[in-house]
Amino acid sequence: MIAYIVDIARATRQAPSFQLGVSPRGATALMNSAKAWAWLSGRDFVTPDDVKALALPCLRHRVSLRPEASMDGVRVDDVLQGILATVPVPR
């Protein structure tokens with residue numbers, strides 16, 4: 001699951017709409033949140049659905065849109081959802 005989170009963080013840094021992507025510390029925060037979510041759900045393992053459920057709340061404030069993307073009406077959540085839709089989910 002760590003590789004999946006790293007791929008998501010890397011995709012935010014490569015997204016043309018973002019001026020600033022998720023840092024390693026942001027990826028760690030997402031992993032820790034997903035672990036807590038799994039534990040609260042009664043599991044001792046993290047699933048890709050846990051990561052997806054927490055990606056927006058954990059990452060939206062850790063990225064920065066490019067000014068031109070912001071002026072075009074692009075929203076951070078839309079870019080993050082697009083990234084989550086394109087990053088391959090581990091099996």
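Please treat every number below as a calculation from the coordinates, not as lab data. Being a predicted model, the structure only gives us computed values, none of them experimental. Positions of Cβ are generated from backbone atoms using ideal geometry, with glycine treated the same way; all protein chains shown enter the neighbour counts.
Return the whole-Å distance between the Cα centroid of the stretch 60-91 and the Cα centroid of the stretch 1-58.
The distance from the Cα centre of the stretch 60-91 to that of the stretch 1-58 comes to 13 Å.
Based on DSSP H runs of at least 4 residues, each adding -39500 (n - 2.57), what is the mean residue ellipticity at 222 nm of the chain after dividing by all its residues, to the nearest 500 deg cm²/dmol?
-19500 deg cm²/dmol
Could you compute the FRET efficiency for R13 and D72, with r as their C-beta to C-beta distance and R0 at 22 Å, rounded to 0.05?
Details: r = 20 Å, r/R0 = 0.92.
My answer for the efficiency is 0.60.
Evaluate the relative contact order of the chain (contact order divided by residue number), counting alpha-carbon pairs under 8 angstrom at least 6 apart; express in whole percent.
Relative contact order of the chain: 37 percent.
Using a cut-off of 14 Å between beta-carbons, work out the net charge of the residues near A69 (Lys and Arg +1, Asp and Glu -1, A69 not included).
-2
Can you list the chymotrypsin sites (Phe, Trp or Tyr not before Pro) in the stretch 1-84 that are in a DSSP coil and have 12 or fewer other beta carbons within 10 angstrom?
Answer by residue number: F45.
Give me the dipole magnitude in Debye, nearest 20, for the chain about the Cα centre, with unit charges on the beta carbon: positive for Lys and Arg, negative for Asp and Glu.
In total the dipole reaches around 220 debye.
Amide H to amide H under 5 Å from F18: which residues, 5+ apart in sequence or cross-chain, H placed 1.01 Å off N in plane?
Answer set, sorted by chain and number: R66.
For the chain, place one equal point scatterer on every Cα, skip the solvent, and apply the Debye formula. What is log10 of I(q)/I(0) at q = 0.10, 0.13 Å⁻¹?
Calculated log10 I(q)/I(0) at the listed q: -0.24, -0.40.
Relative to the first principal axis of the alpha-carbon coordinates of the chain, what is the inclination of helix 76-86, with its axis defined by its Cα atoms, in degrees from 0 to 90 and to the nearest 10?
60
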